[in-house]
Amino acid sequence: MKFEVDPFENATKQVNDACDILGIKDEGTRTYLAMPNKMMRVKIPVKMDNGKIRIFTGFRSQHNNDRGPYKGGIRYFDPEGGVEYMEREVMALSSWMTWKCAIANIPLGGGKGAIYFNPKKEKLSKSEMSRITRRFAFMISEIIGPQKDIPAPDVYTTGKEMTQIMDTFGKLHGNTHQPGVITGKPISMGGSLARNVATGLGTAYCVREAAHKIGFTMRGAKVVLQGFGNASTFAGEYLEKMGCVIIGASDSKGSIINAKGMKMKDLEKWKRSKGTVVGFPGSTKVTTEKLLTAKCDILIPAALENQIDAKIAKNLNCKIIGEAANGPTLPEADPILYKKKIFVIPDILANAGGVTISYYEWVQNNTGQYWGFVQVAKLMEDHLMSGFHDAYDLSIKKKIDMRRACMAIAVKRVVEAFELRGIWP
Ligand code: NAD
């Protein structure tokens, strides 16, 4: 099936670009790096509250484990392209996880999972949600495990689902306690401090460093946030702490702008009480395009894929893009952004704070020792800044954008592991 935008084709193109930079010409190696090792598609039968059986479709894509166990979230969503589109999306997201773990230099590989349904639209009961999650956990239980594949939360899944997956997995393995099978757990279930803020905090660290490289100060820098969920609110909060001013925000109900600035605390309070940022006092409602192309210093796309196409890219009015979302920029936009000298911090680096602290959650689970917020946040900062500087130096040396530089470094690290292991049998 052909889609207007095929995320897996985009992910493959990025791998091929990195291979070109690295001089990897061997077709077998290129295909090996692009394709997932395994793609599991499962039929999930669930008895609904009305007594009827409903079949859900779920996926787990295991892209690459040369550097360590597969790692990546599980999302519950219903993308417009349907189930077949979701399969391609999950494959792409699992590929990006491989490169994300490699650029952050954590010893994990790439995976991703999903169930095709939208819990926000459907309003299913708690017990229906639990039966969907546990049956899915049962169906993928043979391919996940603390040393095999470690899922995590993603769009519309939370610590609650993670706990149910951990519990189901443990029951299937001799009723054992296996917190290391999954991350993003609540603290009381073996989660890590700082995991909830990790993605947004990591994005803020990267943006601060990019601002330093291009020579502008964070104090008074104007920020636009697309999306108002976990990634964007913490990115907004930390950028505000660094001196920035939030002038635009959005969620699934619409976008707003106030060039004079809006306080994160007030925006969050408004969102909590009204269910949307729209209508925030003093702001003007605008289209998505107007939000993205508003004059600002820092744009944080933190909602969905495929937001910045060639047309939007041409009209962008910012200095830095910090991609908190996965895949917000289409490949056609990258050369335009580079030409316009917009500093793009690609998703695999800008949102790698989440998986980095997930890695430390897993380490804490495996060792049975638990650390403080500052210690975990500092470890994450070190990983991200080291990846940032490696990529920045390469981007200057090779005159390429940060996405290509991050990908080239990540692919090189995976190829090294692949070659060291060799092919067996
Ligand atoms: P979330 O569910 O907490 O928030 C998503 C936000 O996007 C919500 O505010 C929602 O209203 C908004 N949204 C949905 N459709 C929209 C639209 N059409 N226009 C504008 N806003 C819209 O999800 P999240 O965890 O913050 O994830 C957001 C992005 O960040 C995703 O691409 C996800 O893969 C990526 N990401 C998240 C993490 C993490 O740790 N949370 C880690 C890495 C990457």
Residues with amide H under 5 Å from that of residue 192, placed H, sequence gap 5 or more: 184, 185
The chain: proportion of alpha-carbon pairs further apart than 42 angstrom, %: 9
Pairwise label distance in nanometres, residue 423 with residue 389, each label 7 Å out on the Cα-Cβ vector: 3.8
Cα point-scatterer Debye curve for region 292-337, base-10 log of I(q)/I(0) at q = 0.17, 0.18, 0.28 Å⁻¹: -0.39, -0.44, -1.10
J(HN,Hα) series, region 65-75, from Karplus relation 6.51 cos²θ - 1.76 cosθ + 1.60, nearest Hz, glycine and proline x: 10, 5, 9, x, x, 4, 8, x, x, 10, 10
With eigenvalues of the C-alpha gyration tensor scaled by 5 and rooted, region 89-151, Å: 27, 15, 9
Interchain or long-range residues, amide H under 5 Å from residue 303's placed H: 325
Added length on full extension, which subtracts the Cα-Cα distance from 0.36 nm per residue, residue 20 to residue 276: 87.7 nm
Region 167-248 pair-distance distribution - Cα-Cα, 5 Å bins, rounded %: 3, 14, 18, 17, 11, 9, 9, 7, 5, 4, 2, 0
Region 27-86: Rg to Rh, with Rh as the Kirkwood radius over Cα pairs: 1.10
Whole-number D in µm²/s for region 48-185 (Stokes-Einstein; Kirkwood sum over Cα pairs; 25 °C, 0.890 mPa s): 162
Virtual spin-label span in nm between residue 373 and residue 80, 7 Å along Cα→Cβ: 3.9
Residues whose placed amide H lies under 5 Å from that of residue 152, excluding near-sequence neighbours: 72, 73, 74, 183
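Let me know the charge dipole size of region 188-245 about its Cα centre in debye, to the nearest 20, where only the beta-carbon of Lys, Arg (+1) and Asp, Glu (-1) is charged.
Using only the charged Cβ atoms, the result is roughly 120 debye.
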Whichever lysines have a C-alpha closer than 17 Å to that of residue 2, once near sequence neighbours (fewer than 8 apart) are set aside: 13
Total formal charge among the other residues, if their Cβ is under 15 angstrom from that of residue 73, Lys/Arg +1 and Asp/Glu -1: +1
Size of electric dipole in region 32-162: Cβ of Lys, Arg +1 and of Asp, Glu -1, about Cα centre, debye, nearest 20: 380
Estimated 222 nm signal from helices in the chain, with DSSP H stretches of n ≥ 4 weighted -39500 (n - 2.57), rounded to 500: -15000 deg cm²/dmol
Largest-first ordering by accessible area, 1.4 Å probe, given options 173, 212, 383: 212, 173, 383
Relative packing of peptides 6-15, 194-203 - highest average C-beta neighbours within 10 Å first: 194-203, 6-15
Accessible surface of region 127-178 [probe 1.4 Å, protein heavy atoms]: carbon and sulfur percent: 55
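To one decimal place, what orientation-averaged projected area in nm² is obtained for the convex hull of the Cα set of region 192-287?
With every direction weighted equally, the projected area is 6.4 nm².
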For region 271-425, alpha-carbon Rg relative to the globular expectation (2.2 N^0.38 Å, N residues): 1.27
Qualifying GluC sites (Glu not before Pro) in region 102-155, DSSP loop, other Cβ atoms within 10 Å at most 16: 142
Summed side-chain charge close to residue 124 - residues other than residue 124 whose Cβ falls under 12 Å, Lys, Arg +1, Asp, Glu -1: +3
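Give the accessible surface of region 1-89 per residue, rounded to a whole number of Å², with probe radius 1.4 Å and ligands, DNA and RNA excluded. Don't jump to the answer; show the numbers that get you there.
Working: 4190 Å² over 89 residues.
For region 1-89, the solvent-accessible area averages 47 Å² per residue.
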Kyte-Doolittle mean at least 1.0, axial Cα span of 30 Å or more - DSSP H helices of the chain: none
Label zone at residue 138 (point 7 Å along Cα-to-Cβ), backbone N below 17 Å, region 97-131: 127-131
Environment charge at residue 201 (Cβ cut-off 14 Å; Lys +1, Arg +1, Asp -1, Glu -1): -1
Unsatisfied cross-links (Cα-Cα over 32 Å) in the set 25/290; 314/399; 43/290; 126/295; 43/126: 25/290; 43/290; 126/295
Trypsin sites (Lys or Arg not before Pro) restricted to region 130-166 and DSSP loop, no more than 16 other C-beta within 10 Å: 148
Inter-label distance for residue 315 and residue 266, nm, one decimal - labels placed 7 Å from Cα along Cα-to-Cβ: 2.8
Test item: Cα-centred dipole of region 194-347, Lys/Arg +1 and Asp/Glu -1 on Cβ, debye: 580
Percent of Cα-Cα distances greater than 13 Å, calculated over region 133-181: 52
Extension gain, residue 4 back to residue 50 (0.36 nm per residue minus Cα-Cα distance, nm): 12.8 nm
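The values are calculated or read from the model by the stated rules, or taken from the named source; none is laboratory data. Being a predicted model, the structure only gives us computed values, none of them experimental. Don't worry about glycine lacking a Cβ; one is built from the backbone with ideal geometry, like all the others, and counts go over all protein chains shown. Side chains are part of the model used for accessible areas, which takes the heavy atoms of the whole protein and leaves out ligands, DNA and RNA. Shrake-Rupley method; radii C 1.70, N 1.55, O 1.52, S 1.80 Å.
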